[in-house]
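The values are calculated or read from the model by the stated rules, or taken from the named source; none is laboratory data. Computed from a predicted structure; not experimentally measured. A quick note on method: Cβ atoms are made from the backbone with ideal geometry, for glycine too, and the neighbour counts reach across all protein chains shown. Please note that ligands, DNA and RNA were not included when accessible areas were found on the heavy atoms of the full protein model with its side chains. Shrake-Rupley method; radii C 1.70, N 1.55, O 1.52, S 1.80 Å.
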Amino acid sequence: LEPGMATIGVGATQSYVVKGLQGDGVEKDLTTEATWESSDTAVATVADGIASGLAAGTATITAKVGALAGTAQLTVKERKVVSLQVTPPSATVSPGGEQQYTATVNYDDGTNEDVTSQATWTSSDEGVATVSAGKATGVKQGTAEISAELNGQKGVAVMIVTGAKVTAIEVSPAAPSVAAGNTQQFKAEAILDDGSKLDITAQVTWESDNTA
């Protein structure tokens, strides 16, 4: 039974594979033929080779094929929330337009969970945009922060309500030069088709094409 030992967070899953050695020395995958058991179903349950962590603790996962059995140890740990992220980070709609936002909790074990329906949603300016269950509706021209909160964690995105449409995003300065170890502040602006600009530096997602 592989893996022989594994650690997952509460709410996460672990896949197992059962391998058997035939008389001719050829290894065979017996995962779909096995019957599965967990020594503590309060900690973890298992079915069809996939164990689900339910509570912190340790459980022995057993796979049986005929008279043969294989065991593995599964440790389930409480996951810690690292952050709550709202996506998309920014959206532009006209008055009356709608945008569905998603709230995602990121855990310290690298897993994440969609908590859109559990989060509490608020708009920084309901005269500009309202929000319910992650769906924001533009009311009048302006900018509002759309926030999701859950268990002390908060994520923020922005809704731009405008009669104009975003035609491009401009980053400035365009081609700066800095010495190694120094920093450079960039600014991102949305270029609207009415000729105006909107500072969206804090709302966009930033990345480098060469992190070295």
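Among all residues of the range 160-171, there is none that is open to solvent by less than 50 Å² (accessible area, probe 1.4 Å), without any contact (Cβ under 8 Å) to a residue 40 or more places away in the chain, in contact with a Lys or Arg (Cβ under 8 Å, 6 or more places away or on another chain) and over 17 Å from SER83 (Cα atoms). Residues in the range 185-212 that are part of a loop (DSSP other than H, G, I, E, B), under 20 Å from THR87 (Cα atoms) and at pLDDT 90 or above: TRP206, GLU207, SER208.
Yes/no matrix, rows are residues, columns are (1) in contact with a Cys (Cβ under 9 Å, 6 or more places away or on another chain); (2) within 13 Å of LEU1 (Cβ to Cβ); (3) part of a strand (DSSP E or B):
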| position | (1), (2), (3) |
| --- | --- |
| ASP40 | no, no, no |
| VAL46 | no, yes, yes |
| SER52 | no, no, yes |
| THR62 | no, yes, yes |
| SER83 | no, no, yes |
| THR92 | no, no, yes |
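Note on the range 10-29: residues that are open to solvent by 30 Å² or more (accessible area, probe 1.4 Å), in a loop (DSSP other than H, G, I, E, B) and farther than 21 Å from LYS80 by Cβ amount to 5.
Quick check: anything in the range 127-146 on the phi > 0 side of the Ramachandran plot and either among the charged types (D, E, K, R) or not in a strand (DSSP E or B) (or both)? Yes, the range 127-146 contains at least one residue that is on the phi > 0 side of the Ramachandran plot and either among the charged types (D, E, K, R) or not in a strand (DSSP E or B) (or both). Entry remark, the range 109-140: residues being open to solvent by 50 Å² or more (accessible area, probe 1.4 Å) and in contact (Cβ under 8 Å) with a residue 40 or more places away in the chain number 4 in total.
Please go through the range 30-58 and pick out each residue that is among the charged types (D, E, K, R) and either touching a residue at least 40 places away in the same chain (Cβ under 8 Å) or surrounded by 15 or more Cβ atoms within 10 Å (Cβ to Cβ) (or both).
Those that are among the charged types (D, E, K, R) and either touching a residue at least 40 places away in the same chain (Cβ under 8 Å) or surrounded by 15 or more Cβ atoms within 10 Å (Cβ to Cβ) (or both): GLU37, ASP40.
Exactly one residue among ILE169, ILE146 is modelled with pLDDT of 95 or more and in contact with a strand residue (DSSP E or B) (Cβ under 7 Å, 6 or more places away or on another chain), and that residue is ILE146.
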